[in-house]
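Notes follow once the structure below has been shown.
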C-alpha cells in the first residue's frame, strides 16, 4: 500500500493499493502535530488492504489538509524584494532563533553550519565555484543542502511569532517577496549551466520547486 504524493506517478506505477492526498509534497499524511487528520489518512489507507476488488486500487482521500487553507491574521516577516541576501538573512536570524525557542528544534544544519557564512558561499557558487561543506563529499550535494537550509531557515523564521501560516503562505512569501527566493532561482540557473553534471542535475531538480521557477 502506497501513500501517493503525486497522483500521476501512482497511476503510472500502479501499486496494488494507493491513497492520494492533496497534502503538500513531503507531508503525505498532513501537517506536523495534526494527529487527528494524520490518523484519518492512515486508517483510510490501511482500509484499502481489506478490499478484495482490484487488482489495483487508487483512491483520493476525500478531505483537503487544513494546511492548504491560509491562516487569517498571519503577517510575513518584514523583508524587501530588492537588496543584498546577506542583509535580509541577518535581519531574519533573530526570528529564526525565536522560532527555535518556540518549537524546541530546527531542521537547519544540513550544509555549512554557520548561517553567517551562507552569503559568501552563495556568491562563490554564483561565480561558478564549487564550494564543499564540511562532512559532505561534493559541491553538488553541498549547494543542494545549502538551498534546503536557506528555505528551512526562512520557513522557520516565518513561524516564529503569531499564528502558524499555511505552507502556501510561506511559499508565496519566500518565492515572491524575498531576496533569498530570487537568489535560489539564480543559483538554479547557474547550476544548470555548469560543466559539473552532478550540480547541473541537482540544480534543475531540487533548488527551486517547479511552481516557483518562473
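All of the numbers you see were taken from the coordinates with simple rules; none came from a lab. Computed from a predicted structure; not experimentally measured. Glycine also receives a Cβ, built like all others from the backbone with ideal geometry; neighbour counts cover every protein chain displayed.
Let me understand segment 2-68 better: what is its radius of gyration from the alpha carbons, and its Dmax, in angstrom?
Both quantities, over Cα of segment 2-68: 11.7, 34 Å.
Calculate the spin-label point distance for residue 56 paired with residue 1, positioning each point 7 Å from the Cα along the beta-carbon direction, and give it in nanometres.
Computed distance between label sites residue 1 and residue 56 equals 1.9 nm.
Sort largest first and round to whole Å: the equivalent ellipsoid semi-axes of segment 85-212, each the square root of five times a Cα gyration tensor eigenvalue.
Working through the eigenvalues yields semi-axes of 25, 16, 12 Å.
Take the alpha carbon gyration tensor of the chain, find the square roots of its eigenvalues, order them as a ≥ b ≥ c, and report rounded if a/c is under 1.5; if not, report prolate when a/b exceeds b/c, else oblate.
Judged from the Cα gyration tensor, the chain comes out oblate (a/c at least 1.5, b/c at or above a/b).
Computed over the Cα atoms of segment 114-176, what is the convex hull's projected area averaged over all directions, in nm²?
Seen from a random direction, the Cα hull of segment 114-176 projects 5.2 nm² on average.
Calculate, for residue 12 and residue 168, the FRET efficiency according to 1/(1 + (r/R0)^6) with r their C-beta to C-beta distance and R0 41 Å; round to the nearest 0.05.
It comes out at approximately 0.95.
Quick one: give the max-minus-min coordinate of the C-alpha atoms of segment 83-140 along each principal axis, largest first, in Å.
Here the Cα extents, ordered largest to smallest, are 37, 30, 12 Å.
For segment 151-214, what is Rg from Cα atoms divided by 2.2 N^0.38 Å, rounded to two decimals?
Rounded to two decimals, the normalised Rg is 1.25.
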